[in-house]
1. Once a ≥ b ≥ c are taken as the square roots of the eigenvalues of the Cα gyration tensor of segment 84-162, is the result rounded (a/c under 1.5), prolate (a/b larger than b/c) or oblate (a/b not larger than b/c)?
2. Among rounded, prolate and oblate, which fits segment 61-110 when a ≥ b ≥ c are the square roots of the eigenvalues of its C-alpha gyration tensor, a/c under 1.5 means rounded, and a/b larger than b/c means prolate?
3. Would you mind ranking 95, 120 by Cβ crowding within 10 Å, fewest neighbours first?
4. For segment 50-204, what's the relative contact order in percent, using C-alpha pairs closer than 8 Å and at least 6 residues apart?
5. In Å, what is the Rg of the alpha-carbon atoms in segment 65-211, and how long is Dmax?
6. Can you put 86, 99 in order of Cβ neighbours within 10 angstrom, beginning with the fewest?
Ligand SMILES: [Zn+2]
């Protein structure tokens, strides 16, 4: 009888050790998965969130304004982001979760850069687009600041900094334009047909180009 009781206690002890070990193993697996997700988001957010270290002051764009003109035309946050390559805070900007139909024009010259039809929720806290309306209007520049190789994007007409382009967007192009709200001006539309005609109308209007 004593032997039976001893063996029973031994069996229960072994079972408890096994259950505890299994629980630790699944916790650590779950924590690892969580860590991977968080680190993915952090690398994305840090890449989006760091400002661009580029200087376009010696570059000529079709639309040129003096620093005083830019300061009077733009709000402080738009001036800092669009003209000084700073970055606005995530989730605290007007367009990151805007789902209205319309297009997003350059804050500096009103060129139609992005459409709500290509906007999606990337989870980063910045307006994200899978495509630009017209690649000719969204110029790219390699940005090697902060030890990273990123693609900076800016308005090809006035040089206003928009954000960065990443290769982790949705199918089929896998491109993600991570853009600052401060560099954009949202133009709402009531229908897709009106949106299309509004964008086409911009191409028909005369541009006040300085060169
Ligand atoms: Zn522009």
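We did not get these values from a lab; they are worked out from the coordinates using the rules stated. Quantities reported herein were computed from a predicted structural model and do not represent experimental measurements. Note: ideal-geometry Cβ built from the backbone for every residue, glycine included; neighbour counts use all protein chains shown.
1. Oblate.
2. Numbers: a/c = 2.65, a/b = 1.53, b/c = 1.74.
It is oblate, given that a/c is not under 1.5 and a/b is not larger than b/c.
3. Details: 95 21, 120 12.
In order of increasing Cβ crowding within 10 Å: 120, 95.
4. Across segment 50-204, relative contact order equals 26 percent.
5. Calculated on Cα positions, Rg and Dmax stand at 14.7, 44 Å.
6. In increasing order of surrounding Cβ atoms, one gets 99, 86.
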